[in-house]
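Input: a single structure, listed below in structure tokens.
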Amino acid sequence: MRVAILPEYPRPLVFAHRGLSSLYPENSLAAFRAAREAGIPGIELDIHLTRDRRMAVFHDDTTERIVPGIGKGFSIETSDYALLAGLDIGSWKDPAFASERIPLLDHVLEELGTQLYFDIEIKSRSVQDSGLEALLADLLKDHGMKGRCIVSSFNPLSLRRFKALMPQVPTAIIWSRSEELYWYLRHGEGRWIAGVDLLKPEQVLVKGPRLLPRLRRPMLPWTVDTVEEEARVLAAGAIGIVSNKPQELSGWKRA
């Protein structure tokens, strides 16, 4: 039996992708706070498990793109958080954000967990159980996040492990046509492996309302950044959007 998707919150659901990332450094506390101040009701963020088993909020596998000037950067999953926590993740966006650091999921939920709803994306390329899903389930329980979050991933095995540990939290499979994704997962096939409650296709794959009966699950497209894209996916029956620029869209706003 599938779990209801954030039933206490009005539709459409709206998630600021990596925080208010069009204006602030992605996955930073500044971006998350800005989303809250802009009245965005939800945020999407990414988590990796560091070598010392901390859940760091960061998108890429390495720091190369976000922390320029140190070669290929540091691998998130093979570095200790003490090292990562000293890196400047804001200056690449603007020198004004030089004080921004990689947050831990625990810190984000401690500050914002009761004020926003969350889409927590597990970043893991491995089929092996690293223990991340168990740590995440324990943390969500500690912060009382049932009913205030969904957990998503490209990795269906990771979602299946999490679902077995915390079945009351809705899960979502993500997919796109990217060649980085295994060919047999480029049409959302991971939903059968993971037994998910929600689908997260890349927004360009949402063609119209005929898609929904075939998918047979609620849909939350990403990343929806123009009014045209917003109108199209909501008309197609999406229950919400994930957007880099939710502050520029209007179809989700309520009087």
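Measuring only protein heavy atoms, the 1.4 Å probe finds residue 67 accessible over about 10 Å². A quarter of the convex hull surface defined by the alpha-carbon atoms of region 97-140 gives 4.4 nm² as the mean projection. Value of Rg to Rh for region 121-255, rounded to two decimals, is 0.98; Kirkwood radius and Rg both from alpha-carbon coordinates. Provide the FRET efficiency to the nearest 0.05 for the residue 78-residue 99 pair, computing r from the beta carbons and using R0 = 30 Å. My answer for the efficiency is 0.70.
Centroid-to-centroid, using Cα positions, region 1-77 and region 137-178 are 15 Å apart. When the Cα positions of 102, 90, 132 are compared along the charge dipole of the chain, 132 comes out farthest toward the positive end, with charges on each C-beta of Lys, Arg, Asp and Glu.
Taken per residue, the accessible surface of the chain reaches 45 Å², heavy atoms only and a 1.4 Å probe. Contact order, relative form, for region 216-255: 48 percent (alpha carbon pairs under 8 Å, 6 or more residues apart, mean separation divided by residue count).
Give the carbon-plus-sulfur fraction of the accessible surface of region 1-131 in %, rounded to a whole number; probe 1.4 Å, heavy atoms of protein chains only. Display every interim value, and only then the final one.
Numbers: 2990 of 5860 Å².
In region 1-131, the share of accessible area belonging to carbon and sulfur is 51 percent.
FRET efficiency for the residue 129 to residue 228 pair, using the beta carbon distance and R₀ = 45 Å, is estimated at 0.60. Sequence-distant contacts, meaning Cα pairs under 8 Å at least 6 residues apart, place the relative contact order of the chain at 20 percent. Counting pairs of Cα atoms in region 29-168, how many percent are more than 25 Å apart? The share of Cα pairs beyond 25 Å in region 29-168 comes to 27 percent. Residue ranking by accessible heavy-atom surface, 1.4 Å probe, largest first, among 58, 154 comes out as 154, 58.
Probe radius 1.4 Å, ligands and nucleic acids left out: which of 117, 9, 184 has the largest accessible area, and how do the rest follow?
Most to least solvent-accessible, the answer reads 184, 9, 117.
Taken over region 141-212, the percentage of Cα pairs per 10 Å bin, counting from 0 up to the bin with the maximum distance, is 20, 48, 26, 7, 0.
Across the chain, how many lysine pairs, 8 or more positions apart or on different chains, have C-alpha atoms separated by under 25 Å? Please give the number. Close lysine pairs found across the chain: 20.
The values are calculated or read from the model by the stated rules, or taken from the named source; none is laboratory data. None of the values given here were measured: they were computed from a predicted structure. Cβ sites come from the backbone with ideal geometry, for glycine too, and all protein chains shown count toward neighbours. Each accessible area value is taken on the protein alone, full model and side chains, heavy atoms only, with ligands, DNA and RNA left out. Shrake-Rupley method; radii C 1.70, N 1.55, O 1.52, S 1.80 Å.
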